[in-house]
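Student: Please see the structure below; I have some questions.
The values are calculated or read from the model by the stated rules, or taken from the named source; none is laboratory data. Fair warning: this is a prediction, and the values are worked out from it, not measured in the lab. When we count neighbours, we look across all protein chains shown, and the Cβ atoms used for this are built from the backbone with ideal geometry, even at glycine. Each accessible area value is taken on the protein alone, full model and side chains, heavy atoms only, with ligands, DNA and RNA left out. Shrake-Rupley method; radii C 1.70, N 1.55, O 1.52, S 1.80 Å.
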Amino acid sequence: MQLQQLLYFVAVAETHHFTQAAERVHVAQPSLSQQIRALETELGAELFSRARGNISLTEAGETLLPLARRILADADTARHEVQELVQLRRGRVRLGATPSLCTGLLPDVLRVYHDRHPGIRLLIEEGGSHDLVRQLARGALDLALIVLPLPPGSPALTTVELLREDLVVVSSASAKAPRRPVRIADLRDQPLVMFRHGYDLRELTVAACRAAGFEPGFTVEGGEMDAVLGFVRAGLGMAVVPSMVAGRAGPGLRVTPLARPGLRRTIALAHRSDVAPPRAARELQRVLLASAATE
């Protein structure tokens with residue numbers, strides 16, 4: 001008895017038609033009929049009553065049908081479990097993240113994950129939340145670390161909040177120390193180093209300045225996270241950055257908190273709602289959640 005024969009048998013039982021069953025399982029009808037006859041010979045009983053225009057199960061067929069369905073389901077489960085195991089040995093995970101998270105959160109998380117699953121290739125895509133949401137929607141990423149709320153018109157995504165993070169002001173350690181804590185209004189006459197367009201931190205900072213009644217002035221703009229920190233360290237201006245990044249930025253920078261209510265951002269892990277992430281991606285999700293819980 002072969003799994004293929006049981007698959008053909010169930011198809012005929014459910015369609016009551018040999019030709020339609022053959023179309024369902026993508027095989028020529030004569031081949032399907034031959035395999036059904038071979039199964040009947042193996043079992044020593046006819047499984048179908050083949051009256052003209054009416055295919056129905058015999059008593060033997062009725063007995064076999066639930067057993068065949070169970071065997072096929074068990075085979076699918078076995079195949080799925082083995083594939084899941086294989087994915088953890090030599091799979092890949094495509095993870096998107098904002099550059100600030102690549103600098104702050106991900107290095108330690110990816111080290112832990114790689115130590116546990118050294119055969120998994122980690123493909124990291126840096127970008128703003130808007131870009132990452134679009135890549136998730138078209139299937140180019142398995143998971144993405146994004147900033148909530150989702151932009152208007154976003155596709156159906158499942159999001160899990162990871163952490164909420166305060167934003168702080170960084171300035172050159174050699175510059176005159178700003179008053180502590182800094183209000184957004186205190187930035188009115190201060191030169192700012194600003195991220196490129198499409199960067200979540202740019203939009204958040206500019207919106208906060210406008211809400212305080214002024215348009216921010218930029219000395220340098222258009223950089224990524226490392227470049228912005230380098231420009232600030234060189235004394236070209238201040239910048240508003242995540243506290244996690246500021247805490248790991250190294251020497252040469254002064255970190256100043258923002259006065260209440262301050263600025264915060266919410267980081268979430270997202271994936272498409274209509275497609276379950278592969279096993280390797282789900283394992284990375286678990287590591288990320290555990291790491292965020294300790295932050």
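Student: Tell me which of these residue 100 doesn't satisfy, since it passes every other one: (1) open to solvent by 10 Å² or more (accessible area, probe 1.4 Å); (2) at pLDDT below 85.
Tutor: With (1) open to solvent by 10 Å² or more (accessible area, probe 1.4 Å); (2) at pLDDT below 85 applied to residue 100, the lone miss is (1).
Student: Can you name the residue in the stretch 116-147 that is charged (D, E, K, R) and either outside any helix (DSSP H, G or I) or without any contact (Cβ under 8 Å) to a residue 12 or more places away in the chain (or both) and is also farthest from residue 201 (Cα to Cα) among such residues?
Tutor: Step by step, filter the stretch 116-147, then rank; the result is 121.
Student: Also, quick follow-up: Filtering the stretch 62-83 down to residues that are at pLDDT 90 or above and either surrounded by fewer than 13 Cβ atoms within 10 Å (Cβ to Cβ) or in contact with a strand residue (DSSP E or B) (Cβ under 7 Å, 6 or more places away or on another chain) (or both), which residue is nearest to residue 281 (Cα to Cα)? Full working, then the answer.
Tutor: First, pick out the residues of the stretch 62-83 that are at pLDDT 90 or above: 62-72.
Filter once more, keeping what is either surrounded by fewer than 13 Cβ atoms within 10 Å (Cβ to Cβ) or in contact with a strand residue (DSSP E or B) (Cβ under 7 Å, 6 or more places away or on another chain) (or both): 62, 65-67, 70.
Details: 62: 42, 65: 37, 66: 35, 67: 35, 70: 30 Å.
Checked the stretch 62-83; the qualifying residue nearest to residue 281 (Cα to Cα) is 70.
Student: Does residue 42 qualify as being open to solvent by 70 Å² or more (accessible area, probe 1.4 Å), among the acidic types (Asp, Glu) and in contact with a helix residue (DSSP H, G or I) (Cβ under 9 Å, 6 or more places away or on another chain)?
Tutor: Judged against the criteria, residue 42 is a match.
Student: Within the stretch 105-115, which residues are open to solvent by less than 40 Å² (accessible area, probe 1.4 Å), of a type in the set (A, V, I, L, M, F, W, C) and either within 15 Å of residue 94 (Cβ to Cβ) or in a helix (DSSP H, G or I) (or both)?
Tutor: Scanning the stretch 105-115 gives 106, 109, 110.
Student: Residues of the stretch 246-260 being open to solvent by less than 40 Å² (accessible area, probe 1.4 Å) and either without any contact (Cβ under 8 Å) to a residue 24 or more places away in the chain or part of a loop (DSSP other than H, G, I, E, B) (or both), which ones?
Tutor: Within the stretch 246-260, 249, 252, 259 qualify.
Student: Okay, moving on. Filter the stretch 204-223 for residues that are out of contact with any Pro (no Cβ under 8 Å at 6 or more places or on another chain), in a strand (DSSP E or B) and open to solvent by 30 Å² or more (accessible area, probe 1.4 Å) and give the result.
Tutor: Hits for the stretch 204-223 are 220, 221, 222.
Student: Within 27 Å of the chain's Cα centre (by Cα) and in a loop (DSSP other than H, G, I, E, B): is that true of residue 226 in this structure?
Tutor: No: the conditions fail for residue 226.
Student: Of the numbered conditions (1) open to solvent by 20 Å² or more (accessible area, probe 1.4 Å); (2) at pLDDT below 90; (3) not aliphatic (A, V, I, L, M), residue 166 fails exactly one; give the number of that condition.
Tutor: Only one criterion in (1) open to solvent by 20 Å² or more (accessible area, probe 1.4 Å); (2) at pLDDT below 90; (3) not aliphatic (A, V, I, L, M) is unmet by residue 166, namely (2).
Student: Which pairs have Cβ atoms under 9 Å, sit 6 or more apart or on different chains, and link a residue in the stretch 184-203 that is under 14 Å from residue 127 (Cα atoms) and part of a strand (DSSP E or B) to one that is open to solvent by less than 50 Å² (accessible area, probe 1.4 Å) and polar (S, T, N, Q)?
Tutor: Partner pairs satisfying both residue conditions: 195/205.
Student: State all residues of the stretch 119-158 that are open to solvent by less than 40 Å² (accessible area, probe 1.4 Å), within 18 Å of residue 276 (Cβ to Cβ) and not aliphatic (A, V, I, L, M); if no residue qualifies, say none.
Tutor: 135, 139, 142
Student: Could you tell me whether residue 239 is in contact (Cβ under 8 Å) with a residue 60 or more places away in the chain, crowded, with 18+ Cβ neighbours inside 10 Å, within 30 Å of residue 142 (Cβ to Cβ) and of a type in the set (Gly, Ala, Ser)?
Tutor: no
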